[in-house]
Amino acid sequence: MTNRSSAARYAKALLDVSRKEGDPQAVERDLAVFVSLTAGHPPLRRALTSPAIPVQRKTALVGELLTRRPVQPVLAKLLQMLAGRDRLVLLPDMLEEYRRRLMDLQGIVRAEVTSAVPLPAGAAKAIEGALAGRTGRTVSMTTRVDPAILGGAVARIGSVVYDGSVKRQLEKMKDRLTSAT
């Protein structure tokens, strides 16, 4: 089993248990803090993920971290279990998958909108509203600029792409003209 699929299974289990026993949003916040703590301190990250460090030391280190920075009880149990199984390397992927599942549970979908120039606030709100209407869900939108699309916008929601760029329209026009001759 790959690390990503293992992380996805732990994330699913964590979300299921946190829905029954606690606050899923608080678990997400605590998990994010723990992951950023380890990511921000390379010696700590190495100590928690290195196969050369004995599992007992990793478990003790996680216990010490949890006394200094308490987290939701369900998350504390999972962190101790992952340390005991030498699986702390899964935490960044697990956080990403947990967030994805939590957003899905809340009816929120992520959208990335690319435009040739920065979008004015009103245009960004209009696109966000149109995408919400199209998906029937709340949209969490990020924007980025790519002058290569020439104009218009490209919206990605998961694997679905809505391409309203000038570049794509020109490509379609070229295809129609070349296929007509």
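Laboratory data are not the source of any read-out in this text; all were calculated from the coordinates shown. Keep in mind it's a predicted model, so treat the numbers as computed, not measured. Counting neighbours? That spans all protein chains shown, and the Cβs are built from the backbone with ideal geometry, glycine included.
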Ellipticity estimate at 222 nm from DSSP helix runs (n ≥ 4, -39,500 (n - 2.57)) divided over the chain, nearest 500: -20500 deg cm²/dmol
message: Give the separation of the Cα centroids, the range 111-137 to the range 1-77, in Å.
response: 34 Å
message: Please compute the Kirkwood hydrodynamic radius over the range 1-79, one decimal place, Å, based on all pairs of different Cα atoms.
response: 13.5 Å
message: Please list, in order along the range 149-162, the HN-Hα scalar couplings obtained from phi with the Karplus expression 6.51 cos²θ - 1.76 cosθ + 1.60 (θ = phi - 60°), rounded to whole Hz, x for Gly and Pro.
response: 7, 6, x, x, 8, 10, 10, 10, 10, x, 9, 8, 10, 9
message: To test your reading of the geometry: what angle, between 0 and 90 degrees and rounded to tens, separates the Cα axis of helix 55-68 from the longest principal axis of the chain?
response: 80 degrees
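So for the range 77-181, what percent of the C-alpha to C-alpha distances run longer than 23 Å?
Beyond 23 Å sits 48 percent of the P(r) for the range 77-181.
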- request: Determine, for each peptide in 172-179, 13-20, 67-74, the mean count of other beta carbons within 10 angstrom over its residues, then list the peptides with the highest first.
  value: 13-20, 67-74, 172-179
message: I'd like the distance between the alpha-carbon centres of the range 83-108 and the range 146-181, rounded to an integer number of Å.
response: 35 Å
query: Looking at the square roots a ≥ b ≥ c of the eigenvalues of the Cα gyration tensor of the range 27-71, which shape do they give, rounded for a/c under 1.5, prolate if a/b is larger than b/c, or oblate?
result: oblate
- request: Could you check the simple spin-label distance between Arg57 and Ser36, using points 7 Å along Cα→Cβ, in nm with one decimal?
  value: 2.9 nm
- line: When Thr114, Thr138 are arranged by how many other beta-carbons sit within 10 Å of their Cβ, fewest first, they go Thr138, Thr114
- prompt: Percent relative contact order of the range 3-104, based on C-alpha pairs within less than 8 angstrom and at least six residues apart?
  reply: 50 percent
- request: Extending each Cα 7 Å along its Cβ direction at Leu66 and Lys125, get the distance between those two points in nm, one decimal.
  value: 4.5 nm
- prompt: Modelled label-to-label distance, Asn3 and Lys172, 7 Å Cα→beta-carbon offset: nm?
  reply: 4.1 nm
task: Based on a Kirkwood Rh over C-alpha pairs, give the Stokes-Einstein translational diffusion coefficient of the chain at 37 °C and viscosity 0.692 mPa s in µm²/s.
output: 171 µm²/s
- request: May I ask you to derive the relative contact order of the chain, considering only C-alpha pairs under 8 Å and at least 6 residues apart, and to give it as an integer percent?
  value: 21 percent
